[in-house]
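Beneath this line is the structure, given in structure tokens, with notes to follow.
The values are calculated or read from the model by the stated rules, or taken from the named source; none is laboratory data. Since this is a predicted model, take the numbers as computed values, not measurements. Neighbour counts run over all protein chains shown; Cβ positions are idealised from the backbone, glycine included. Just so you know, the surface numbers come from the protein's heavy atoms only, side chains and all, with ligands and any DNA or RNA stripped out. Shrake-Rupley method; radii C 1.70, N 1.55, O 1.52, S 1.80 Å.
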Amino acid sequence: LPWGSEPGQDVGLDVAPTPPTDIPKAADSRRGSVCDRHCSTINNDLGDLGCHLPRPRGPTAGPPPHSEECESCARTTLTAENAVEANKLSNNYKFGFKKWKSHVTARPWEDRSEIVKELYSDLTVLRGPAGSTVTCGNVLYLLLFGWWLSLLHSLVAAGMFLTVVGAPHGRLCWDLAGYFLWPFGKVIQKVEVPKSQEAGTGESSALLGGPTPGRWRPRCWEGTGHWRRLGTAAWLCLGYPVLALCHGLVCVTSWLLIVTIPVAKLSARSAARVLLLPPERVRVRRIRMTEVPPEGEVILCCHRAANPYYYKYSVHGLNVFAINLLPLVLVTLLLGYLDSHNHLSSSTLKFSLALLSIMPLSYYIGMAIASISAQSTFAVGAVVNATFGSVTELTFYISALLKGSREGSACYAEVVKAALTGTLVGCVLFIPGLCMVIGGIRHQEQRFNSRSAGVSSALLFLSVGGVFAPTLFSKVYGKLVCGECHNVTQNPLGHYLCHGCHFDLMDNNGTLYYSHVQPLVYTVSLLLPAGYLVGLCFTLKTHSHIYDIHVSGCHMPGHHHSAVVHWSRWRALVILLLSTLCMSACADLATEHISPILTNSTISQYFIGVTVLAMVPELPEIVNGIQFALQNNLSLSIEIGNCIAVQVCMLQIPILVLFTIFYPTNFTLLFSDLHVYASMFSVVLMNYTFMDGKCDYFQGTVLVMVYFILLAVYFFAPSPSGC
């Protein structure tokens, strides 16, 4: 499941929308029962809250044409809590916009499931014991934290008893030692105590029922408050720092483990609240099923130490995985730029950290783009998506080309070409195939909008043909030159075995390349973005009805909520710029320390480019696609891969060609035969699979297996020239 979504939420759409009143009955009757069943199957997205709006009037409000393609009559009705969320959902179906599953606004509390409410509930809810407290998560807490936390509190209690003035805090630590050994089924309360007892001015008499005069006590104890006591000073100097440090360690460790986030909440509240209260106001009690609710404020009441659903936990719209990986970015930048001579770590470690840091940064960039697009006009959203949609890949490619230019090595240009091909092949085969397999396990057969998929397929054919046109041209008119040839038959007219053969385009002072191939490259680099703009105009303006997306609002009682966005437009813009800056730094570190891997690794540089460098930045998109497939919304899963592949060919490659004009590098739009055959075969296979508008896990398995076969070919392929 992807980052930021929540378990238990209504994700299937069982809406069977009625046709609008302005459609004639005769036209509606032509659709037939089979088409109606098909339309009801297609309509799926984020859940039906019982909210419907009339179908918008205009070009798309007329009756659908009667044809054999039943999906032409299907429409997808989306439901949203507010206008911002509705814009985000609508943008998911727009070509060229980033598909984003997570909410960009806070969901109303009453709309969430009980599982989600339990994740976000505070540890002050007093509940009776539901079953045994001996669970796997609780036992894991005992083994990881409970025993040594209890021992530590016991030692601190002994130390506070030795100070005499800290004896009340010693008793508190002794009670907490038993609590932290096994806190489940127990409660920590803050109780009110009489002023005379709190000030320590006397003792109660059981016989007379009132206070009796006590021996002399320091004046600073008499009604001057908890913070001016000598025992409190001793506690803050000797006991509290040790326990706060240990609770902080437990909090960080349990937060990083994610499933034990309740332990993190427990430790954080203990250090920030329980240990700072006057000891006479803290009570530790055991919860009994027959006991009436105790009087006093409940501070801590933990029932379970682990919850497997915490992988869906988010803070201010940020998934816990993205939060936990954010320190990795800081460590990568500090280690990479402060240890430039590799005294503390190796280049391999720095390359791995830089590559892993790209994943959370890609998530932040995607969240920022989705937030800005959802809160802005269509034009602003289109500009933001076009500008920053490919920033993750472009930063790495440009950094690699700059390093290759500085070192005078053509290996980096070949790695960039391998990464471009790997992204294209992976987005065409692996992402849709994996989504089909995982979604097909839950749903026997999945349907999608074949017309919208056909538009993406046509753009892919156009882009692949344009990208590889200079390569095919060079193979037709280039001169084949071989490095070394041997006569294998000992006959001058016999067969020769040649090595290092390539098509030479620089013969006669490069006349063929500079006069024919290079102008063709520039022409293609201008036509591909133009084709992308035509595709945007076709899908978003003139023929937007092929998606047939309708967003309905929610007008049920109790559902009137204003949009509480996680990130405002300015905040999202700042995060977008900072993430892009950090992405550039991590890409620079990755290319700076990739050289030992390319030179010393026994694996082909082709394989490194098409796998690690191509697919790691796309992991957030893969997770989003899987989530959409699990919700029986395969259309978005397919569009995720197709949109990235189209952007690679129609935007990223022309930008790289344009970059080489102003800053000459070793990058030329001439690919190896392996890249050409793999890309063309992948696009043809994908187009054949998406022809009928339905699929199952078997077709997905075929796509995934073909992808792995191509990876095996790249794995055993010899290193490219220049590496």
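Can you tell me which of 179, 120 is at pLDDT 90 or above and either within 30 Å of residue 261 (Cα to Cα) or buried (at least 16 other Cβ atoms within 10 Å of the Cβ) (or both)?
Going through 179, 120 in turn, just one is at pLDDT 90 or above and either within 30 Å of residue 261 (Cα to Cα) or buried (at least 16 other Cβ atoms within 10 Å of the Cβ) (or both): 179.
When you scan region 443-457, do you find a residue that is within 22 Å of the chain's Cα centre (by Cα) and either among the basic types (Lys, Arg) or assigned by the TED database to the domain that holds residue 709 (or both), even just one?
Looking through region 443-457, none of the residues is within 22 Å of the chain's Cα centre (by Cα) and either among the basic types (Lys, Arg) or assigned by the TED database to the domain that holds residue 709 (or both).
Looking at 159, 137, which is the one that is touching a Gly at 6+ places or on another chain (Cβ under 7 Å) and of a type outside the set (S, T, N, Q)?
159
Within region 140-157, work out how many residues are open to solvent by 50 Å² or more (accessible area, probe 1.4 Å) and under 22 Å from residue 241 (Cβ atoms).
Looking only at that region, the number is 4.
Hey, which of the helices (runs of 4 or more DSSP H) in region 625-720, taking only ones fully inside, have at least 1 residues that are under 26 Å from residue 514 (Cβ atoms)?
Because the criterion is at least 1 residues that are under 26 Å from residue 514 (Cβ atoms), the helices (runs of 4 or more DSSP H) in region 625-720 that meet it are 653-662, 673-689.
Conditions first: (1) open to solvent by 50 Å² or more (accessible area, probe 1.4 Å); (2) of a type in the set (A, V, I, L, M, F, W, C); (3) in contact with a Gly (Cβ under 7 Å, 6 or more places away or on another chain). Residue 680 passes all but one, so which condition is the exception?
Failed condition: (3).
Would a scan of region 645-667 turn up a residue that is open to solvent by less than 20 Å² (accessible area, probe 1.4 Å), touching a Cys at 6+ places or on another chain (Cβ under 6 Å) and touching a residue at least 40 places away in the same chain (Cβ under 8 Å)?
yes
Just for region 291-350: of the residues that are in contact with a His (Cβ under 7 Å, 6 or more places away or on another chain) and part of a loop (DSSP other than H, G, I, E, B), which one is nearest to residue 267 (Cα to Cα)?
Per the stated criteria, the residue is 316.
Table: residues versus (1) at pLDDT 85 or above; (2) in the same structural domain as residue 410 (by the TED database); (3) within 23 Å of residue 374 (Cβ to Cβ); (4) open to solvent by less than 80 Å² (accessible area, probe 1.4 Å).
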site: 537; (1), (2), (3), (4): no, yes, yes, yes
site: 546; (1), (2), (3), (4): no, yes, yes, yes
site: 557; (1), (2), (3), (4): no, no, no, no
site: 560; (1), (2), (3), (4): no, no, yes, no
site: 563; (1), (2), (3), (4): no, no, yes, yes
site: 573; (1), (2), (3), (4): yes, no, yes, yes
site: 589; (1), (2), (3), (4): yes, yes, no, yes
site: 597; (1), (2), (3), (4): no, yes, no, yes
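Among the candidates 466, 483, 494, single out the residue that is touching a Gly at 6+ places or on another chain (Cβ under 8 Å) and at pLDDT below 85.
Unique residue meeting the criteria: 483.
Test residue 634 against the criterion of being surrounded by fewer than 24 Cβ atoms within 10 Å (Cβ to Cβ), at pLDDT below 85 and in the same structural domain as residue 413 (by the TED database), and give yes or no.
No.
Could you give every pair whose Cβ atoms fall below 8 Å, whose first residue belongs to region 156-170 and is in contact (Cβ under 8 Å) with a residue 40 or more places away in the chain, and whose second residue is part of a helix (DSSP H, G or I) and hydroxyl-bearing (Ser, Thr, Tyr), counting only separations of at least 6 or pairs across chains?
Between residues of region 156-170 that are in contact (Cβ under 8 Å) with a residue 40 or more places away in the chain and residues that are part of a helix (DSSP H, G or I) and hydroxyl-bearing (Ser, Thr, Tyr), the close pairs are 169/232.
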